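Here's the structure we're looking at; comments come further down.
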Amino acid sequence: MRTAQLSRKTRETDILLSLDLDGGDVNVDTGIGFFDHMLTAFAVHGGFGLNVKVKGDLDVDDHHTVEDTGIVLGAAFKEALGDRSSIERYASFYIPMDEALAFVSLDISGRPYLVFDADFPQEKCGEYTSAMTVEFMRAFAYNAGITMHVKSLYGSNSHHIIEAIYKAVAHSLKQAVKQTDTGKPLSTKGVL
């Protein structure tokens, strides 16, 4: 069973999250409509079961809710993957979304790193601040132990750019977590 259930409570957020890498129901409630839309797309396109309930200090802004959700989702991925043996490990994917095109390449290596190259013409998508996309991706990658390169090649609508990024991450992860029959990590070291 490649699953994890985590909770995290701080003065800023209260998060309950469950993840199944092999599918299941998707229910997302963060209090930020556009972020709910992105996490739902992430789960559906990744083929993941995902249940997320977040209560955050939205009276301040969306920063803590988005970043802390990335922390918990990343930690859940790390837990669900265990020792990362018998997975494809690497994957890359392009996603077009109308006029926008995004590319993601990742390595589930245990060595977290994020390269993020995207500009957002519009500052907000509903109550979601476009710049929070990099904060979410950084929190997710570092807590999951993933090296991830994210690039928006072009686009003029922030909604399309951000959605293409989330979907490209999802499809890359879907491929990278596919199980192999080797019984060992894909590494010359023998461990990840």
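Could you tell me whether residue 44 is surrounded by fewer than 18 Cβ atoms within 10 Å (Cβ to Cβ), part of a helix (DSSP H, G or I) and either aliphatic (A, V, I, L, M) or touching a helix residue (DSSP H, G or I) at 6+ places or on another chain (Cβ under 6 Å) (or both)?
Against the criterion (surrounded by fewer than 18 Cβ atoms within 10 Å (Cβ to Cβ), part of a helix (DSSP H, G or I) and either aliphatic (A, V, I, L, M) or touching a helix residue (DSSP H, G or I) at 6+ places or on another chain (Cβ under 6 Å) (or both)), residue 44 qualifies.
Return the residue satisfying two criteria in turn: it lies in the range 112-157 and is in contact with a helix residue (DSSP H, G or I) (Cβ under 9 Å, 6 or more places away or on another chain) and among the polar types (S, T, N, Q), and of such residues it is surrounded by the fewest Cβ atoms within 10 Å (Cβ to Cβ).
Among those residues, the one meeting the criterion is 122.
Does residue 174 qualify as being in contact (Cβ under 8 Å) with a residue 12 or more places away in the chain, assigned to a helix (DSSP H, G or I) and surrounded by fewer than 22 Cβ atoms within 10 Å (Cβ to Cβ)?
So residue 174 fits the description; yes.
Within the range 33-59, count every residue that is in contact (Cβ under 8 Å) with a residue 40 or more places away in the chain and more than 16 Å from the chain's Cα centre (by Cα).
Within the range 33-59, residues that are in contact (Cβ under 8 Å) with a residue 40 or more places away in the chain and more than 16 Å from the chain's Cα centre (by Cα) number 5.
From the list 166, 94, exactly one residue is surrounded by fewer than 20 Cβ atoms within 10 Å (Cβ to Cβ) and not charged (D, E, K, R). Which is it?
One residue alone meets the criteria, 94.
Conditions (1) farther than 18 Å from residue 48 by Cβ; (2) in a helix (DSSP H, G or I); (3) of a type in the set (D, E, K, R), marked per residue:
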site	(1), (2), (3)
133	yes, yes, no
138	yes, yes, yes
143	no, yes, no
148	no, no, no
151	yes, no, yes
156	yes, no, no
163	no, yes, yes
167	no, yes, yes
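How many of the residues making up the range 62-98 are within 13 Å of residue 35 (Cα to Cα) and in contact with a strand residue (DSSP E or B) (Cβ under 7 Å, 6 or more places away or on another chain)?
Summing the residues that are within 13 Å of residue 35 (Cα to Cα) and in contact with a strand residue (DSSP E or B) (Cβ under 7 Å, 6 or more places away or on another chain) in the range 62-98 gives 5.
Within the range 4-41, track down each residue that is surrounded by fewer than 15 Cβ atoms within 10 Å (Cβ to Cβ), in contact with a Leu (Cβ under 9 Å, 6 or more places away or on another chain) and more than 24 Å from residue 57 (Cα to Cα).
25
For the range 100-123, which residues satisfy the criterion of being hydroxyl-bearing (Ser, Thr, Tyr), touching a residue at least 60 places away in the same chain (Cβ under 8 Å) and assigned to a strand (DSSP E or B)?
Matches in the range 100-123: 105 only.
Read the figures in this text as sums done on the coordinates, not as results from a lab. Remember, it's a predicted structure, so these values are computed and weren't measured experimentally. No Cβ is skipped: glycine too gets one built from the backbone with ideal geometry, and neighbour counts run over all protein chains shown.
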